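What follows is a set of notes on a single structure, which appears directly below.
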Amino acid sequence: MTTVIRKSETVTLTERRREILHAVSWQVSAGVWSPPTDMYETENEYVVRVEVAGMREADFEVVFEGGYLLVNGVRPDVAERRAYHQMEIRFGKFSTAIGIPGPVDLDVSTAEYHDGFLTVIMPKPKITEAKTE
């Protein structure tokens, strides 16, 4: 099943700016963390890969707004009590914002979670050449 990429409609601009600023600041605050993320461009599309293992596809919120792809979610922790000797795997709410450098065709964009990676593919709009007579 493919995750739906949607345009945001219910979040205020102030809330979205706060999320974007947090996501691009590389700081962990208030328990929100940012997973490792790659963004690259091919001739026909922009591709974003977010590395976040232990999730289900339904656990992600993927939104495109104002030239940014926003990926949010919550990775649950195990409820058992533990005495950590080393702890590097983050749990809880995460958020990342990725600036997309050009226009995308959201109607044919896809997001899929597989083997610990959320991959979002956003095709560039097809340019039709006008005939000159």
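What does the highest-first list of 80-91, 99-110 look like by mean Cβ count within 10 Å?
Averaged packing, sorted descending, gives the order 99-110, 80-91.
What shape does segment 44-133 have by the C-alpha gyration tensor, where a ≥ b ≥ c are the square roots of the eigenvalues, rounded means a/c under 1.5, and otherwise prolate means a/b greater than b/c and oblate the rest?
Working: a/c = 3.71, a/b = 3.29, b/c = 1.13.
The shape class here is prolate.
Please give the FRET efficiency for residue 39 paired with residue 91, using the beta carbon to beta carbon distance and R0 = 30 Å, rounded to the nearest 0.05.
That pair, residue 39 with residue 91, gives E of 0.80.
Test of understanding: what is the full-extension gain from residue 74 to residue 107, defined as 0.36 nm times their sequence separation minus their Cα-Cα distance?
Values: separation 33, 0.36 × 33 = 11.88 nm, distance 2.60 nm.
The residue 74-residue 107 span can extend by a further 9.3 nm.
Once the Cβ-Cβ distance between residue 56 and residue 127 is put in as r, and R0 is 35 Å, what FRET efficiency do you end up with, to the nearest 0.05?
My answer for the efficiency is 0.40.
Values in this text are rule-based calculations from the coordinates and carry no lab data. Please read these numbers as outputs of a predicted model, since none were measured by experiment. Reconstructed Cβ throughout: ideal geometry from the backbone, glycine too, with neighbour counts over all protein chains shown.
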